[in-house]
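The structure appears right after this line, and notes come after that.
The values are calculated or read from the model by the stated rules, or taken from the named source; none is laboratory data. Computed from a prediction, not measured in an experiment: that's the story for all the values here. We place every Cβ from the backbone using ideal geometry, glycine too, and count neighbours over all the protein chains shown.
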């Protein structure tokens, strides 16, 4: 099934104003908790004149790492709504993301319910501006090519869109590591047999594939 992520390299800001208070939300795709905390620290340094830097992040395919901070706002009115906005967005499978909402107080108190609603809205609107994609497990397979044919066969496979992930040369041939195409990776029913048949047709000879683990692939 996989999960949903921000498009690679996403780092965007979106601003709203509510009763003179300005809420600037920054969304960044992150791979681990250390990176998420660095983003939060960067935001705090960049906007040191602001009173609050509310944050939340989700990490991992199963969203095993979940953190949030009210950063001085009344307990439960900012960090948790931010986290819930991330968790519930669209298909409810978003992960590998940190959201930091910086607030400049405008002099008018919003109350607990107003803060809760506004922080959630700020993150939701920022997410609406973001490009999203799916991340799925890409199975990896190896096969051995004859040394004399390796260059030509690699070129044929690449031209056909087969993901060539690695080449390892040795005395008796070339070990080739390939992954499923994005279309195949999106369909968990398709695996070595389908990929092997495709490669056999392209190379005009039988191709035997051996499993070689898996990695994550953005579709």
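In the same structural domain as residue 114 (by TED's automatic domain parsing) and crowded, with 20+ Cβ neighbours inside 10 Å, is that true of residue 21?
Details: in the same structural domain as residue 114 (by TED's automatic domain parsing): yes; crowded, with 20+ Cβ neighbours inside 10 Å: yes.
So residue 21 fits the description; yes.
Hey, can you tell me all the residues within the range 30-46 that are crowded, with 20+ Cβ neighbours inside 10 Å and over 18 Å from residue 70 (Cα atoms)?
At the first step, the residues of the range 30-46 found to be crowded, with 20+ Cβ neighbours inside 10 Å are 30, 36, 39-40, 43.
30, the sole residue that qualifies.
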**Study point:** Enumerated strands (runs of 3 or more DSSP E) restricted to the range 83-174, each holding at least 3 residues that are touching a residue at least 40 places away in the same chain (Cβ under 8 Å)
**Key:** 97-104, 132-145
Study note, to complete from the structure: Of the residues in the range 10-53, those that are within 29 Å of residue 109 (Cα to Cα) and not in a strand (DSSP E or B) number 16
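Look at residue 58 and say whether it is modelled with pLDDT of 95 or more, under 26 Å from the mean Cα position of the chain (by Cα), part of a strand (DSSP E or B) and closer than 15 Å to residue 3 by Cα. Steps first, answer last, please.
Details: modelled with pLDDT of 95 or more: yes; under 26 Å from the mean Cα position of the chain (by Cα): yes; part of a strand (DSSP E or B): yes; closer than 15 Å to residue 3 by Cα: yes.
Considered against the rule, which asks whether it is modelled with pLDDT of 95 or more, under 26 Å from the mean Cα position of the chain (by Cα), part of a strand (DSSP E or B) and closer than 15 Å to residue 3 by Cα, residue 58 comes out as yes.
Okay, residues lined up against (1) touching a strand residue (DSSP E or B) at 6+ places or on another chain (Cβ under 9 Å); (2) closer than 30 Å to residue 57 by Cα; (3) surrounded by 14 or more Cβ atoms within 10 Å (Cβ to Cβ):
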{"position": "130", "(1), (2), (3)": "yes, yes, yes"}
{"position": "136", "(1), (2), (3)": "yes, yes, yes"}
{"position": "148", "(1), (2), (3)": "no, no, no"}
{"position": "157", "(1), (2), (3)": "yes, no, yes"}
{"position": "165", "(1), (2), (3)": "yes, no, yes"}
{"position": "168", "(1), (2), (3)": "yes, no, no"}
{"position": "171", "(1), (2), (3)": "no, no, no"}
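Can you confirm whether the range 47-61 contains a residue that is closer than 30 Å to residue 136 by Cβ and surrounded by fewer than 18 Cβ atoms within 10 Å (Cβ to Cβ)?
Kept after step one, since they are closer than 30 Å to residue 136 by Cβ, are these residues of the range 47-61: 55-61.
Add one more test, that the residue is surrounded by fewer than 18 Cβ atoms within 10 Å (Cβ to Cβ), and what stays is 60-61.
Scanning the range 47-61, I find at least one residue that is closer than 30 Å to residue 136 by Cβ and surrounded by fewer than 18 Cβ atoms within 10 Å (Cβ to Cβ), so the answer is yes.
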Revision key, fill the gap. In the range 148-159, anything at pLDDT 90 or above and either out of contact with any helix residue (DSSP H, G or I) (no Cβ under 6 Å at 6 or more places or on another chain) or farther than 18 Å from residue 208 by Cα (or both) is listed as 152, 154, 155, 157, 158, 159
